[in-house]
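K.L.:
Right, I'll just put the structure down here and ask away after.
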């Protein structure tokens, strides 16, 4: 077997120009497929990390399929439930910025700021009615910096000016790139939210295992509300990234399938030199199993080299160059979307899937035509 392996390597080295071109194209196809797998895995991993610290339940009011504000009095009713550790009424909404053409996310808070958990900021203290914290993306599209004034338009059309007193750090760009935080009263004016209402309510539980039970009780007691659990939110993002990744995955499958067809045609149409070589080897006493072992070693060397090179290229594309070809397609299109660095997420299951879908089909496309050639009489192979 070692002699056959040595002969296979010598045979590949003898035709190195042809093998180099084959490996190059093969690696590019695998790199495209690997890039999609690595990118979607990274998004799933980062999304799970982001959603891990959010409250277990969210209470929203739905009218006509749209989100409507909730009365503050609902918080008092929810305090009677056992197992709830914290209830927070949230003030948030969206505002269109005509200057940049982007949509900003507005949140209101009167808390002290320094470390908001997932959102990091360089500002300490509480916001006054004329101050604002902004994301990096807002500074870029409006060409502003700390100390400048940000103008926003209320729903009624009145223009308000807020001094930028702090920004969110780049580590939290995934959720803060288009975010601005105002004092509660200022945020209410911008999104036109009355003082006796909240946009929605966030609930933290003492025991996360009680999420479904408490959520079901709240849903049954109050009409016209929607209870969203952290698990449901995680599943929604998982489905979203899987759907977007699946679209590109189909493209990768088609590219890989087209390449394998070309590989099959090349292998099936053995040239005169390859046919003569098989005929001579059989004339020297090689068995069909030896021929298949030879072609198997050649196929493994080419497919394994191409797969490893493709995975490395995909890794560099995603985690070194920040996925310039895939990021706009999988994250989404917008005037302002997160400009965050992808964290490496490489697991054995993904590597095994990439390897199986690239190595096994190529070996099949190599061994089957080789077997068809090996069963022909050696004298006929030499004469051709």
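The values are calculated or read from the model by the stated rules, or taken from the named source; none is laboratory data. All values derive from a computational prediction rather than experimental measurement. Counting neighbours? That spans all protein chains shown, and the Cβs are built from the backbone with ideal geometry, glycine included.
K.L.:
Pick from the range 216-235 the residues that are surrounded by 13 or more Cβ atoms within 10 Å (Cβ to Cβ) and closer than 18 Å to residue 44 by Cβ: which of them is modelled with the lowest pLDDT?
P.N.:
234
K.L.:
Out of everything in the range 261-295 that is crowded, with 18+ Cβ neighbours inside 10 Å and closer than 23 Å to residue 30 by Cβ, what residue ends up being modelled with the lowest pLDDT?
P.N.:
Residue satisfying both the conditions and the ranking: 267.
K.L.:
Any residue at all in the range 140-155 that's surrounded by 15 or more Cβ atoms within 10 Å (Cβ to Cβ) and in a helix (DSSP H, G or I)?
P.N.:
Yes; the residues of the range 140-155 include at least one that is surrounded by 15 or more Cβ atoms within 10 Å (Cβ to Cβ) and in a helix (DSSP H, G or I).
K.L.:
State all residues of the range 93-113 that are under 20 Å from residue 198 (Cα atoms), surrounded by fewer than 17 Cβ atoms within 10 Å (Cβ to Cβ) and at pLDDT 85 or above; if no residue qualifies, say none.
P.N.:
94
K.L.:
Can residue 54 be described as touching a residue at least 40 places away in the same chain (Cβ under 8 Å) and more than 22 Å from the chain's Cα centre (by Cα)? First the steps, then the outcome.
P.N.:
Details: touching a residue at least 40 places away in the same chain (Cβ under 8 Å): yes; more than 22 Å from the chain's Cα centre (by Cα): no.
The answer is no for residue 54.
K.L.:
For the range 29-39, indicate whether the set of residues that are in contact (Cβ under 8 Å) with a residue 60 or more places away in the chain, surrounded by 12 or more Cβ atoms within 10 Å (Cβ to Cβ) and closer than 16 Å to residue 299 by Cβ is non-empty.
P.N.:
yes
K.L.:
Of these, 59, 75, which one is under 27 Å from residue 234 (Cα atoms) and modelled with pLDDT under 90?
P.N.:
Working: 59 fails: modelled with pLDDT under 90.
Among 59, 75, only 75 is under 27 Å from residue 234 (Cα atoms) and modelled with pLDDT under 90.
K.L.:
Looking at residue 332 and the list (1) surrounded by fewer than 16 Cβ atoms within 10 Å (Cβ to Cβ); (2) at negative phi; (3) at pLDDT below 70, which single condition is not satisfied?
P.N.:
(2)
K.L.:
Can you name every residue in the range 43-92 that is out of contact with any helix residue (DSSP H, G or I) (no Cβ under 8 Å at 6 or more places or on another chain), surrounded by 16 or more Cβ atoms within 10 Å (Cβ to Cβ) and within 21 Å of residue 110 (Cβ to Cβ)?
P.N.:
69, 70, 74, 75, 90
K.L.:
May I ask you to say which residue of 158, 195, 210 is surrounded by fewer than 20 Cβ atoms within 10 Å (Cβ to Cβ) and over 30 Å from residue 79 (Cβ atoms)?
P.N.:
Residue meeting the stated conditions: 158.
K.L.:
For the range 199-224, give me each residue that is part of a strand (DSSP E or B), in contact with a helix residue (DSSP H, G or I) (Cβ under 8 Å, 6 or more places away or on another chain) and within 18 Å of residue 67 (Cα to Cα).
P.N.:
201, 203
K.L.:
Also, I was wondering about something else. Can you go through 326, 308, 343, 313 and tell me which one is surrounded by fewer than 19 Cβ atoms within 10 Å (Cβ to Cβ), at pLDDT 65 or above and farther than 19 Å from residue 23 by Cα?
P.N.:
Values: 326 fails: surrounded by fewer than 19 Cβ atoms within 10 Å (Cβ to Cβ); 308 fails: farther than 19 Å from residue 23 by Cα; 313 fails: farther than 19 Å from residue 23 by Cα.
The unique qualifying residue is 343.
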